[in-house]
Amino acid sequence: MPVTSQRNAEDERATLFPPELLPLFGDAFILSCDLLEEYVARLTLAVFRSTGLEAAFRKNVGVTLEQVLAQAGLAASVARVPVAWILAMLTRRGWLESGVEANGEILHRLEQPLPELDPNEILQRQQGHDPRYVPSFAITTLAAEYYPAILRGQMTGEQALFSAEGISAWVKYFSNDNPMYAVSNALGAIAAEQSLPEGPVSILEIGGGLGSGTEALLDRFKARTKPIAAYHFTEISALFLKRARRSLLARWTDCPLSFAPLDIDRPFAEGGISPATYSLVYGVNVLHVARDLAATLCELRSALKVGGVMVMSECVRPFADTPLHMEFVFNLLTAFRDPLLVPTWRPNGGFLTPEQWTSALIANGFKGVRIYPDIAAIRGAYPSFVAAAIVARKT
């Protein structure tokens, strides 16, 4: 996300972003985002070679996705989504040529030698600029190392990314000490504080992970003296739940916290969630991995009191079919790439556009949907801006 707008080469942040969000997206943050995108592009180029995709292209004038999967010897059921993303990313960089044939097939061509670009050069620039962002780079490095084995079906993305080495990397990534991730926590907390009425609130958090989103929300509410009647923290990973419980209880001794496992792809009653109990259901970077988004939205709406609000901080895809750099990692996970699809509002796994999120929420009974900040208004000027909170109400 360059500082200057693509519309007029001026800095439009003060016009397009609410004033309370401007401190989150300063020049230093934007430079780190730009460096991470370049780092991922270079890693993608390396993976294109290490997985045999480049060699598959050398055998053909033009190839379809299915042909390149077969010729590279990759497991199509696993590799189809990640490889389609790789081809789209390299095409956007001008390193591949892609076009639709008369029969509707998309053919990809490698018509010139690929550049030799060292990812470590970018990592060193980031370390010199601000090492606090390095955990975001480390996660992509970890994914790149395992790409060949995962795409060949030798191991799953879950096994690779959540090994002992992976857990250590995720702990550093899902932290408010990592400004790249802390932005999502801050956005969700600000949106929640703005959306709730005066008086005590009862909160259900889903997919709470290691608790950094909880910390940001509680910090925000404490600063605004917003009272909390109950805070129920849920997470599917037993390890993450245990770590979050320990750290949150140690810091927030006066907060009515409770903890329980919850699978957002199962009926919430199995996790002890009663209907019409909460004034806020909250989550950071979790709702997009729901297997059946309609079913999960139904459960979230059921858990809310009438008049309650749902706030989900999410990565929002600015435009349909646009590859996003963070998909380099998450495309390796089954839950991300293989949900139940709904053509009108859930056409792909993972991240959705503002229009798709709005349609999904309205179709499943929510009202007053708001994307904060307004990605639809921002994307013409800053098409790589992707962080937002999705806010909706139960009426």
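Points to keep in mind about this one:
- Here's the picture: charge each Lys and Arg Cβ at +1 and each Asp and Glu Cβ at -1 in the chain, and of Phe385, Gly99, Leu239 the one pushed furthest to the positive end of that dipole is Leu239.
- Result for the chain in a Gaussian network model with C-alpha springs under 10 Å: among Ala28, Ala189, Ala79, the largest mean-square fluctuation is at Ala28.
- In the chain, the calculated helix contribution to ellipticity at 222 nm averages -13500 deg cm²/dmol per residue, counting -39,500 (n - 2.57) for every DSSP H run with n ≥ 4.
- The distance between label points at Ala260 and Val306 comes to 2.4 nm (points 7 Å beyond Cα on the Cα→Cβ vector).
- Taken about its Cα centre, the stretch 1-89 carries a charge dipole of roughly 660 debye when the Cβ of each Lys and Arg holds +1 and the Cβ of each Asp and Glu holds -1.
- P(r) weight above 16 Å for the stretch 25-133, C-alpha pairs, percent: 62
- Only Lys, Arg (+1) and Asp, Glu (-1) charged, at Cβ; the stretch 74-174 dipole about Cα centre in debye: 240
- Listed residues Leu123, Leu87, Tyr133: farthest to the positive end of the dipole of the stretch 25-133 (Cβ charges): Leu87
- For the residue pairs Lys222/Lys305; Lys226/Lys367; Lys226/Lys305, the C-alpha atoms sit more than 20 angstrom apart in Lys222/Lys305; Lys226/Lys367.
- Extended-chain gain in nm, criterion 0.36 nm per residue less alpha-carbon gap, Val61 and Glu37: 5.7 nm
- Between Ala102 and Lys242, the C-beta separation translates, for a Förster distance of 51 Å, into a calculated FRET efficiency of about 0.35.
- The GluC sites (Glu not before Pro) of the stretch 89-149 that DSSP puts in a loop, and whose beta carbon has at most 12 other beta carbons within 10 Å, are Glu101, Glu111, Glu116.
- Sites Ala46 and Thr253, calculated FRET efficiency, Cβ-Cβ separation with R0 45 Å, nearest 0.05: 0.40
- Globularity index of the stretch 306-390, i.e. its alpha-carbon radius of gyration over 2.2 N^0.38 Å: 1.10
- Centroid-to-centroid separation of the stretch 82-139 and the stretch 280-343 [C-alpha atoms, Å]: 25
- Each 10 Å bin from 0 upward holds the following percent of the Cα-Cα pairs of the stretch 249-395: 11, 39, 34, 14, 2.
- Spread of Cα-to-Cα distances over 5 Å intervals beginning at zero, given as percent, for the stretch 7-55: 4, 17, 15, 16, 13, 9, 8, 9, 6, 2
- Proximal aspartates and glutamates to Lys242, defined as alpha-carbon separation beneath 17 angstrom and excluding residues fewer than eight positions away on the same chain: Glu205, Glu215, Asp263
- FRET efficiency for Leu117 and Leu341, using Cβ-Cβ distance with R0 set to 22 Å, rounded to 0.05: 0.05
- Modelled spin labels at Glu270 and Ala70, positioned 7 Å past Cα toward Cβ, are 3.9 nm from each other.
- Note on Ala149 and Ala377: their simple-model spin labels are 4.8 nm apart, each label 7 Å out from Cα toward Cβ.
- Checking every one of the trypsin sites (Lys or Arg not before Pro) in the stretch 167-266 against DSSP loop status and a limit of 13 other Cβ atoms within 10 Å picks out Arg224.
- Under a model in which nothing but the beta-carbon of Lys, Arg (+1) and Asp, Glu (-1) is charged, the chain shows a dipole of about 840 debye around its Cα centre.
Any read-out appearing in this document is the output of simple, stated calculations on the displayed coordinates, not a laboratory observation. Computed from a predicted model, the values in this text were never measured in an experiment. Positions of Cβ are generated from backbone atoms using ideal geometry, with glycine treated the same way; all protein chains shown enter the neighbour counts.
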